[in-house]
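Reading through the structure tokens given below for one structure.
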Amino acid sequence: MKRMIVILLRNPLSLLGLILVLLVLILAVFADFIAPFPDHRGAVIDFVHFNKPPTSRNIFGSDLVGRDLFSRVIYAYRISLILGVVVLAIATPVGTVVGLLAGYLGGKFEFVLMRLTDVFLSIPPLVLAIAMMGVLEPTLLNAMLAVTVMWWPWYARLVYNIARSEREEGYVLAAEVIGASTFHITFREILPNCLPAIITKMTLDMGFVIIIVSSLSFLGLGVQPPTPDLGSMVAEGARYLPDSWWLTVFPGLAILVAVFGFNLIGDALREIFGADQ
Amino acid sequence: MPPVFRLLLNRLGISFIVLVGVSMLIFGIARIIPGDPARIALGPNATVEQIDKLRETLHLNDSIFVQYGYFLSDLSRGDLGVSLYTNRPVTQDIAQFLPATLELVFFAGVMMVGIGLPLGIWSARYRGRWPDHVIRLLSLLGVSAPSFVWAVILMLVFAFYLPIFPIAGRISDSYEIQRFTGFLLIDTLLAGDFSAFSDALSHIILPAFALALSGIGQAARLTRANMVETYDKPYIEMAQAYGFKARRIANKFAFKPSLIPSLTIIGLDFAAMLGNAFLVEAVFAWPGLSRYGVAVILRKDLNAIIGTVLIISATFLIVNLIVDLMIAFLNPRIRYSERGST
Amino acid sequence: MKYWKTTLAAGLMAATSLTAPAFAGGVLRLDEVAVGELDPAKASDYADSILMFNVYDTLVLPVQGGPGHAPHLATSWTNEGNSFTFTLRTDVKFQSGNPMTADDVVYSVERMKALGAGLSYLLGVVENVEAVDATTVRFDLSSSYAPFVASLVRLPIVDKALVEANKGDGEWGEAFLSGNGAGTGAYTVKSHNPQDETVMDKNDGYFLGVADAAPDTVRLRYGLEAATVRTLIAQGEHDISSQWLPPEVMGALAKEGAQLFTESGTGAFYFKMNTTKAPLDDPNCRLALSAAFDYGTAIKMIAINDEVSSGSPASGAIPMGMFGANDASMVQVQDLDAAKAHLAACQYDVADMDIEVSWIAEVPLEERLALLMQSNLTALGVKSHIKKLPWALFTEAVAKPENTPHISQLFVNAVTGDPDTLLYGMYHSSTPGTWQSPEYLSDASVDEYLDAGRNAATAEGRQEAYTMLNARLMEIAPTIYAFDRQSVFAASDRVTAPALTDASQAFGLDGMGFSFRLMQVTE
């Protein structure tokens, strides 16, 4: 662990990633103290300052009802991060268990589970989430649900592939010979070998979840106003191009910064774990 | 039976099972939509009698299993029902909008391969040196933003500030092109109208590039990673020892084995692009299936939702099938293997 | 009346790149929200109306710049009790070449009533229609109905012979008419795709003739994004925007020299309160909300520039310019003290309130108005939340009072220009549960005044009935009358459209100003 952090800090790219992710985390966690206008995350109207380009008062400019865009971007980060954590916290264990069982047990179990994941994976990810949001009321909770449903098969696939190759390995066979339970073999023997891949994928996926969620709200199927959300800010602002460019450019760059940060770290992790194995 | 045929049959069988699964999934989702599709379809001024009549016609009063049965029997006749939003057969709507989306996605796919692979090769060849760092950073940036952000940024820069490209649509309305394939880039060439072709080309470049950017990044990263791995193999070291030109080594020895994993990812990225087209089409007013899809989802137009998702999934499966076959042809181990792959 | 349909809807746009060749003379390019419904019996939205008024004609037309109606396909009409007899012109030919006769009028009425779509309810009062001879048609009404002649501006005459010849499977040729024109109008349909574009050509055989300067070809495009329209107009590649372009964008265009066309006097913007749901079933609560709303800021929000705005202050329940409207001295203003007093009189506890404010997803401006409403409610200490509803789901939700939000935002206008078509469907207790009546109002005096306005024999009688109605509505406040609506369109300087710029030529009927034959385009 300590060695990992040292490696992360030594590589300029992963250092940049750490800085970006920390920045985003700090902004999101301490939004109440950092945002110049904390109440602007809700329904506030300020007609003196509406639709203004960046100034020293509103460094990202102000939106169409006069709210400070910088404050709203900060609060939107908070929502994006919560969504990302929750989605991964559900999708990862579910997918991992399905993948482990299918990979280790094989047989009919394998066929059914893997065809099930095939069904989910053969609907382009965003299309499935969009179709689900068409059914559900567009709320924060449902957006989480829709994205989670499309996410778990990827973990199932990943873990399945590893588990399938591991099940012929000596240590697994040895455990079988001494009569270890299926539970023990899957979770105690095989799972630890999947962890590096899972952790790497989770870091990269943090960025992807932010992308997918913002895509949903870009289409009007995600978090609803007045709750600030990066995707809906871009969608809303795009109507006012090119005159009010700040309405789209800053929220768009905000997505880029956060996802880029997670991707840089994920990349570095992949190299570290890759080198380890 | 030649192994490739067996593989093809195996794949087709699985694709069929998957499609049936998709149809059940989407059918289930579409039927639990809250709200009465008949009322929504008939609009604000419809009477109760009209609504009841339409419910009867649409079999909405039957159980979901009976409804699915009707759906399957209609489907077997190539009938996806009537869109309640456009009042036209869903197949007709899809036939009209699908070519625009496919043209966009294919063009983006060409960009992904045509730009992403060379960047990856280049990056691997100069690994550890500055072109490698620049390419890696750029390709990571490419995958770090949703395509609608790229679409908006590209539009702002190359259509508003530097008006090089048109901001929306597929072709200028002063051109009247006979539609044979629905792919304007092909139809304009078939008509021999080169100014129309360049017009259509200028329309597709920005949206396709916005759509392709993350794929380009992905392809470049992957190709690089695979090639770097290959570079460490003994036969490359041998080729280097023999004094082959670096470029020849890169293109001939290091690239080829790296192509197979890259192709797999390209198939997956194609799927992502079919979904991301929803975002890019919205920004560039591209008259494709995705815009239609969003419209029908917002209107709870059941037949159209099911039809759209089924067609997109079928397209995706077909592309993956083609990718699998290409891999099979490229990889002698699979080509000659008796078992095929699962 | 509802013109919002999603801008996400698939719609072909065809922009011109800089390398494209210049246009041939006389093309007019405009846009509307998708979908464009070409079947005149199903027309109800703005795009549909534009199509209908150009491809089809009606028996009468509103008098330009004044009240009343003038003969159009008819030459004259007489009225005896509940029976109206129209004499038709003899020189009118359909675009197909068939002559227009009384049979076609009868067929058009029957078709519209049988399909029961669009605005066919306006003809609900017609019990019987009969071709007395080839040029005479008699309508027998089931009861007296003062706005009958006004409602005929919504009766497009279709070519019976052509439809019958092409009717295919359907009894009423729906498939044919949803893709083809069959009218007498000044423009013929060259191609039509409901989500993409309708191309129309000038009809040289039009019975009134069409001026040379009128556009030769019209391209009506559907579902363009605001940013697209804004750029196309600036680049001279688009001519008239839809009215749903946000005010800021219109303002930016006007600053660069675009014209602003307007249509006014037929409708208003409303916050409609569900009078069956607590706490809004108590009139005191509704009055509190009405007084708390910041009317002045709303007007600022919809202003395009210093001269033109998408609305003007409302003086009461009836838009200024209609029968029974209050005069300008009674303009609505925010009064927080009065609001607090009303709230104190309300039987419900402020702490228990959570008001649901909905907005129509297809009209982004409403989101801002919802935010304004929310901040006004906060000033009263009332909690609220905002809900976005796509139009299709909104119309479905309002079918039941319990699903109807506390507050629904709506633009409504009189489809025939008559106050009856604006107010009867909104407030009469016999017509709840439609998209225009999410108030679910049931009030005996309101019903009485509405019936009086509908049946009064004289204009004075109607005036009096609507004045009483206005007063009663302000007293029980089912609705917050936010502002009187003015539709604004940004247009390039190559278009001249007197019916949309000169009050003395205005029709007072939404969409009618887009009669292309009355427009001019220059190169």
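Data for the structure
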read-out	value
GluC sites (Glu not before Pro), loop per DSSP, at most 12 other Cβ atoms within 10 Å - longest free stretch of chain B	B:1-175
Rg and Dmax [Cα atoms of the protein assembly as shown; Å; Rg one decimal, Dmax integer]	31.8, 109
Alpha-carbon centroids, segment B:134-163 and segment B:165-204: separation in whole Å	24 Å
Average partner coverage of A:209-220, which counts Cβ from other chains inside 10 Å	5
Cα-based convex hull, segment A:1-62, per residue volume (Å³, whole number)	117 Å³
Peptides ranked, highest mean first, by Cβ atoms within 10 Å: ranges C:213-224, B:261-272	C:213-224, B:261-272
Segment B:165-204: projected area of the alpha-carbon convex hull, averaged over directions, in nm²	2.5 nm²
Exposure proxy ranking, count of Cβ atoms within 10 Å, fewest first, for C:PHE207, C:PHE53, B:PHE284	C:PHE207, C:PHE53, B:PHE284
Principal axis dimensions, segment A:2-132 - Cα atoms, whole angstrom, descending	68, 44, 21
Cross-link reach list, lysines versus B:LYS233, counting only Cα pairs under 22 Å and skipping chain neighbours closer than eight places	B:LYS245, B:LYS252, B:LYS256
Neighbour-count ranking [beta-carbon atoms within 10 angstrom, fewest first] of C:VAL495, A:VAL29	A:VAL29, C:VAL495
Ranked list, fewest to most other Cβ atoms within 10 Å of each Cβ, for B:ARG6, B:ARG170, A:ARG239	B:ARG6, A:ARG239, B:ARG170
Segment B:222-315 - percent relative contact order, Cα under 8 Å, separation 6 or more	20 percent
Convex hull projection area averaged over all views, segment B:157-255, Cα basis, nm²	9.8 nm²
Listed residue pairs exceeding 24 Å between alpha carbons, taken from C:LYS277/C:LYS300; B:LYS300/C:LYS167; C:LYS277/C:LYS388; B:LYS300/C:LYS42	C:LYS277/C:LYS300; B:LYS300/C:LYS167
Per-bin percent of Cα-Cα distances, chain C [10 Å]	4, 19, 29, 26, 16, 5, 1
Mean-position separation - Cα centroids, segment C:20-94 and segment B:310-331, in angstrom	53 Å
Reach of C:LYS93 by Cα under 17 Å, taken over lysines that are not fewer than 8 positions away in the same chain	C:LYS160, C:LYS202
Quotient of C-alpha Rg and 2.2 N^0.38 Å, computed over chain A	1.17
Between helix A:140-166 and chain A: long-axis angle, C-alpha atoms, 0 to 90°, nearest 10	30 degrees
Centre separation in Å (Cα based) which lies between segment C:383-434 and segment C:297-344	20 Å
Average Cα contact separation per residue, segment C:252-344, under 8 Å, 6 or more apart, as relative contact order %	31 percent
Taking segment B:185-342 and dividing mean pair separation by its residue count, relative contact order in percent (alpha carbons under 8 Å, at least six apart)	20 percent
Per-residue average of Cβ from other chains inside 10 Å of A:192-201	0
Rg over Rh [alpha-carbon atoms, Kirkwood Rh] for chain B	1.04
J(HN,Hα) series, segment A:110-115, from Karplus relation 6.51 cos²θ - 1.76 cosθ + 1.60, nearest Hz, glycine and proline x	4, 4, 5, 5, 6, 5
Label-to-label distance, nm, for residues given as C:SER144 and C:SER429 (7 Å Cα→Cβ offset)	2.3 nm
For segment A:129-277, average projected area of the Cα convex hull in nm²	11.3 nm²
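Every number here is computed from the coordinates shown, using simple stated rules; none is lab data. All values reported here derive from a predicted model rather than from experimental measurement. Neighbour counts are summed over all protein chains in view; Cβ atoms, including those assigned to glycine, are modelled from backbone coordinates with ideal geometry.
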